[in-house]
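**Q** My questions all concern the structure below.
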Amino acid sequence: MLLRIGSRGSRLALTQAELAAEQLRGPGIEIALVPITTAGDRDRTKPFGQIGERGVFVKELEEALLAGAIDVAVHSAKDMTSTDTAGLVVGAYLPREDPRDALCGAGEIRPGMRIGTASVRRRAQLLALEPSLSIEPLRGNIDTRLRKRSERGLDAVVLAACGLDRLGLAGEIGRRFEPDEVLPEAGQGALALQVRVGEEDVVADANDPETSRRVELERACVAAIGGGCLAPIAAYHDGETLTGLVADPDGRWLERRTGEDPVALAAELAALTA
């Protein structure tokens with residue numbers, strides 16, 4: 001049986017696809033990795049809002065799945081939309097790695113620093129921690145963003161710790177923000193294996209039930225609020241409690257709430273922005 005695994009073509013994405021392949025290999029199963037370029041990969045200059053909202057790194061992979069060109073799509077769970085695309089389903093989540101955001105280039109936040117990130121979630125929370133920061137847009141893959149920090153004279157950049165860890169770049173990290181400082185994106189740290197509805201058995205053995213439980217609660221919270229990756233919204237489950245966040249894009253106000261029911265938590269957060 002040939003199992004075609006679709007992935008973005010970046011070094012990190014292919015590393016993550018190989019992690020998935022390791023879990024899916026078995027007797028009689030041949031693996032083929034299929035790199036696919038997404039809208040988010042093609043345009044690395046425009047803000048996300050000008051090329052689409054949440055999902056700019058998954059749409060082409062999902063289209064390939066629906067067309068039968070691949071059998072499994074490997075996504076960073078944080079890049080996915082908060083609701084499943086018609087005809088597709090996440091059949092497995094690999095065990096979650098570090099979900100935290102990482103400060104690269106400095107060991108702490110200091111007043112007046114110039115920090116690069118394209119994430120409005122990170123921007124809002126960083127400015128809430130230190131209003132005097134200058135947050136500058138910064139896109140590209142991990143290697144590109146690390147290089148641009150030096151080229152542009154930025155004091156630091158903020159990236160997902162898990163991506164740096166997977167690429168052997170943990171030494172670039174000066175500080176890992178705890179969730180009570182910077183709440184992670186829903187699904188951050190987890191890899192999602194997406195398949196066509198009815199074909200969940202193809203990846204079922206790779207699923208980590210606890211990661212699935214936590215990430216699905218996070219996604220449900222974000223879906224109920226109605227936000228995407230362009231909105232300063234976050235949700236994170238630490239194993240015991242689900243925490244949701246909404247914020248002003250410039251960090252002027254930020255609200256966190258905790259609970260067990262993602263819909264009720266989302267309603268409480270949404271009421272704060274009404």
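**Q** Criterion first (open to solvent by 30 Å² or more (accessible area, probe 1.4 Å), among the basic types (Lys, Arg) and within 17 Å of Phe177 (Cα to Cα)) does Arg110 satisfy it?
**A** yes
**Q** Then there's this: Within the bounds of segment 246-264, is there any residue that is over 15 Å from Asp180 (Cα atoms), among the polar types (S, T, N, Q) and in contact (Cβ under 8 Å) with a residue 12 or more places away in the chain?
**A** Among the residues of segment 246-264, not one is over 15 Å from Asp180 (Cα atoms), among the polar types (S, T, N, Q) and in contact (Cβ under 8 Å) with a residue 12 or more places away in the chain, which makes the answer no.
**Q** Still on this model: Looking at Ala102, is it under 20 Å from Gly251 (Cβ atoms) and modelled with pLDDT of 95 or more?
**A** yes
**Q** Shifting gears a bit: I'm trying to understand the selection: among the residues of segment 180-199, which are buried (at least 17 other Cβ atoms within 10 Å of the Cβ) and within 22 Å of Glu130 (Cβ to Cβ)?
**A** Residues satisfying the conditions are Val182, Leu183, Pro184, Glu185, Gln188.
**Q** Looking for whichever is buried (at least 17 other Cβ atoms within 10 Å of the Cβ), modelled with pLDDT under 95, within 21 Å of the chain's Cα centre (by Cα) and not acidic (Asp, Glu) here; the options are Ser76, Ser119. Which one fits?
**A** Exactly one of Ser76, Ser119 is buried (at least 17 other Cβ atoms within 10 Å of the Cβ), modelled with pLDDT under 95, within 21 Å of the chain's Cα centre (by Cα) and not acidic (Asp, Glu), namely Ser119.
**Q** Taking Thr273, is it among the hydroxyl-bearing types (Ser, Thr, Tyr), over 23 Å from Ala17 (Cβ atoms) and open to solvent by 40 Å² or more (accessible area, probe 1.4 Å)?
**A** yes
**Q** Could you list, in sequence order, the residues of segment 98-128 that are touching a Gly at 6+ places or on another chain (Cβ under 8 Å), hydrophobic (A, V, I, L, M, F, W, C) and either without any contact (Cβ under 8 Å) to a residue 24 or more places away in the chain or part of a helix (DSSP H, G or I) (or both)?
**A** Matches in segment 98-128: Ala124, Leu126, Leu127, Ala128.
**Q** Regarding segment 217-239, can at least one residue be identified that is open to solvent by 60 Å² or more (accessible area, probe 1.4 Å) and touching a residue at least 60 places away in the same chain (Cβ under 8 Å)?
**A** Checked segment 217-239: no residue is open to solvent by 60 Å² or more (accessible area, probe 1.4 Å) and touching a residue at least 60 places away in the same chain (Cβ under 8 Å).
Results for (1) in contact with a strand residue (DSSP E or B) (Cβ under 9 Å, 6 or more places away or on another chain); (2) modelled with pLDDT under 95, shown as yes or no for each residue.
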{"position": "Val203", "(1), (2)": "yes, no"}
{"position": "Ser212", "(1), (2)": "yes, no"}
{"position": "Leu217", "(1), (2)": "yes, no"}
{"position": "Ala223", "(1), (2)": "no, yes"}
{"position": "Gly227", "(1), (2)": "yes, yes"}
{"position": "Leu230", "(1), (2)": "no, yes"}
{"position": "Ile233", "(1), (2)": "yes, yes"}
{"position": "Gly239", "(1), (2)": "no, no"}
{"position": "Leu245", "(1), (2)": "yes, no"}
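**Q** Which count do you get for residues in segment 85-97 that are in contact with a strand residue (DSSP E or B) (Cβ under 7 Å, 6 or more places away or on another chain), assigned to a loop (DSSP other than H, G, I, E, B) and surrounded by fewer than 22 Cβ atoms within 10 Å (Cβ to Cβ)?
**A** Adding up the residues that qualify gives 1.
**Q** When segment 246-274 is examined, which residues are found to be of a type in the set (Val, Ile, Thr) and closer than 13 Å to Ile233 by Cα?
**A** The answer is Val246, Thr273.
**Q** Let me ask something else about it. Suppose we keep only residues that are among the aliphatic types (A, V, I, L, M) and either over 11 Å from Ile115 (Cβ atoms) or over 20 Å from the mean Cα position of the chain (by Cα) (or both) within segment 127-148. Which one would you say is most open to solvent (accessible area, probe 1.4 Å)?
**A** Here the answer is Leu129.
**Q** Can you find even one residue in segment 28-40 that is in contact with a Gly (Cβ under 7 Å, 6 or more places away or on another chain), closer than 20 Å to Val56 by Cα and either among the charged types (D, E, K, R) or surrounded by fewer than 15 Cβ atoms within 10 Å (Cβ to Cβ) (or both)?
**A** Yes.
The values are calculated or read from the model by the stated rules, or taken from the named source; none is laboratory data. Just so we're clear, the structure is a prediction, and the values are computed from it rather than from any experiment. Virtual Cβ from ideal backbone geometry, glycine too; neighbours counted across all protein chains shown. Surface areas here come from the heavy atoms of the whole protein model, side chains and all, with no ligands, DNA or RNA. Shrake-Rupley method; radii C 1.70, N 1.55, O 1.52, S 1.80 Å.
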